[in-house]
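Have a look at the structure below before the remarks.
The values are calculated or read from the model by the stated rules, or taken from the named source; none is laboratory data. Every value quoted in this text rests on a predicted model; they were computed, and no experiment measured them. Here the Cβ positions follow ideal geometry from the backbone for every residue, glycine too, while neighbour counts run over all protein chains shown.
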Amino acid sequence: MKNILGNNLTVTLFGESHGEAIGAVLDGMPAGIKVDEDFIKYQLDLRKPYGKISTPRKETDNFKIISGVFDRFTTGAPICILIPNENTKSADYGELKTKMRPSHADFVAHEKYNGFADFRGGGHFSGRITAALVAAGAILISVLKQKGILIGSHISRLANINDMQFSDFEKEIISLNQKQFAVLDDEIADEMQEKILDAAKMGDSVGGVIETAVIGMPIGVGEPWFDTVEGMLAKALFSVPAVKGVEFGLGFKISDLKGSEANDELYYDGDIVKTRTNNNGGINGGITNGMPIIFKSAIKPTPTISLEQNTIDIKEKVNTVLSARGRHDPCIVHRARVVIDSVTALVISDLLIGKYGADWMAK
């Protein structure tokens, strides 16, 4: 089992949903970077369950940094972040040892790891593990902000309800990062949440789309072919549970346009080169062009639902019916957006170190 992301700056995940703890090891960080533990807590709080539209499982996420930080500054050694699991109810998952949840990782994990995978709460495949990503990502988000690079996401679409598009990037990103339910148009927030509650009452779930913007990126970051900005981000984004699609700029819609419509024309704004449109999402040839990086992540409906579904019993080797018990989210879109921001920060930081070197981050 491999759990490492990154080239120059790496993050390694460990733990299971109902194990003693989860966590992350951040390796490749230069020495001398101030670590704001209050901001890490703030980011973890954004990921926590929110009202009746989230799982009833409540975790305090009282993280501990057990290495790599001394007197609030990084030492250059690997940073290990530990987050204890406290509110587990493993008895709710006894039936899932043999009955496989549709569209979940239960069956493939059982087959790949010869029946030894921890099935409680999804084990190592659980969205619970994303808390460790958020904690590690928070360190990098702070560093990038000091470099003038901001990351922000909003719920672009949920249960067929659409949010506004980005327009005033800096102002909107700052605003979004202060919201528990991140939408640009606050008037649709209640409508979206009602859709989630409706699904929950029926024992069902809903999905959505998260749109992310990165501003302040210098020109020339990324590599052609195998380490493109799109490729590196897509790899990280698809590691987030429930992400089933990623598109940059106009994405699939760009295929409907003529070249004259799709091309982003260049112009000088003083001494700065910009493009009149941003259909390519701030990336050309796999390399940043100075415009905002824009991409969307499609989040599928939470697969664990309480409605009866057809499945299999791998012990008896028969077809059966499952109505999953336990505490599950009727929608994870609003919680996933801070996870998307976090993996974005990890990838962007890795790419920047590749161009400028690790010490650039500490200057």
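Scanning segment 312-321 for residues that are surrounded by 16 or more Cβ atoms within 10 Å (Cβ to Cβ) and on the phi > 0 side of the Ramachandran plot gives no hits.
State which residue is nearest to K355 (Cα to Cα) when the search covers only segment 176-219 and only residues that are among the β-branched types (V, I, T) and in a loop (DSSP other than H, G, I, E, B). Full working, then the answer.
Start the filter on segment 176-219 by keeping residues that are among the β-branched types (V, I, T), which leaves 183, 188, 196, 206, 209-210, 212, 214-215, 219.
Now narrow it down to the ones that are in a loop (DSSP other than H, G, I, E, B): 183, 206, 219.
Values: V183: 33, V206: 40, I219: 11 Å.
If we take residues in segment 176-219 being among the β-branched types (V, I, T) and in a loop (DSSP other than H, G, I, E, B), then I219 is nearest to K355 (Cα to Cα).
The strands (runs of 3 or more DSSP E) falling completely within segment 56-175 that include 2 or more residues that are closer than 23 Å to K300 by Cα and touching a helix residue (DSSP H, G or I) at 6+ places or on another chain (Cβ under 6 Å) map to 150-158.
Would it be correct to say that H124 is surrounded by 19 or more Cβ atoms within 10 Å (Cβ to Cβ) and at pLDDT 80 or above? Show your work before the answer.
Values: surrounded by 19 or more Cβ atoms within 10 Å (Cβ to Cβ): yes; at pLDDT 80 or above: yes.
It is true that H124 is surrounded by 19 or more Cβ atoms within 10 Å (Cβ to Cβ) and at pLDDT 80 or above.
The residues on offer are T60, T12, and the sole one that is of a type in the set (S, T, N, Q), modelled with pLDDT of 85 or more and surrounded by fewer than 16 Cβ atoms within 10 Å (Cβ to Cβ) is T60. If only residues of segment 151-181 that are aliphatic (A, V, I, L, M) and surrounded by fewer than 20 Cβ atoms within 10 Å (Cβ to Cβ) are counted, the one that is nearest to P292 (Cα to Cα) is I174. In the condition set (1) touching a residue at least 24 places away in the same chain (Cβ under 8 Å); (2) surrounded by fewer than 21 Cβ atoms within 10 Å (Cβ to Cβ); (3) of a type in the set (A, V, I, L, M, F, W, C), L346 is compliant with all but (2). Testing Y50 on (1) hydroxyl-bearing (S, T, Y); (2) touching a helix residue (DSSP H, G or I) at 6+ places or on another chain (Cβ under 7 Å); (3) crowded, with 20+ Cβ neighbours inside 10 Å, one condition comes back false. Which one is that? So Y50 meets the others, but not (3).
Is segment 221-230 home to any residue that is out of contact with any Leu (no Cβ under 8 Å at 6 or more places or on another chain) and small (G, A, S)? Scanning segment 221-230 turns up no residue that is out of contact with any Leu (no Cβ under 8 Å at 6 or more places or on another chain) and small (G, A, S). The set of residues from segment 176-218 being polar (S, T, N, Q), in contact (Cβ under 8 Å) with a residue 12 or more places away in the chain and within 18 Å of Q43 (Cα to Cα) comprises N177, Q180, T212.
For residues in segment 65-77 being of a type in the set (V, I, T) and without any contact (Cβ under 8 Å) to a residue 40 or more places away in the chain, which is surrounded by the fewest Cβ atoms within 10 Å (Cβ to Cβ)?
Step one: filter segment 65-77 for residues of a type in the set (V, I, T), giving 65-66, 69, 74-75.
Filter again for without any contact (Cβ under 8 Å) to a residue 40 or more places away in the chain, leaving 65-66, 69.
On the way: I65: 20, I66: 11, V69: 20.
This residue is I66.
Results for (1) more than 30 Å from A182 (Cβ to Cβ); (2) in contact with a strand residue (DSSP E or B) (Cβ under 6 Å, 6 or more places away or on another chain); (3) free of Cβ contacts under 8 Å to residues at least 12 places away in the same chain, shown as yes or no for each residue.
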{"site": "I40", "(1), (2), (3)": "no, no, no"}
{"site": "K52", "(1), (2), (3)": "no, no, no"}
{"site": "F63", "(1), (2), (3)": "no, yes, no"}
{"site": "E86", "(1), (2), (3)": "no, no, no"}
{"site": "S103", "(1), (2), (3)": "no, no, no"}
{"site": "V108", "(1), (2), (3)": "yes, no, yes"}
{"site": "F125", "(1), (2), (3)": "no, no, no"}
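Taking the criterion of being over 16 Å from the mean Cα position of the chain (by Cα) and within 30 Å of R47 (Cα to Cα), the residues of segment 231-277 that qualify are G249, L250, G251, F252. Being touching a His at 6+ places or on another chain (Cβ under 8 Å) and among the aliphatic types (A, V, I, L, M) is a description that applies to I305.
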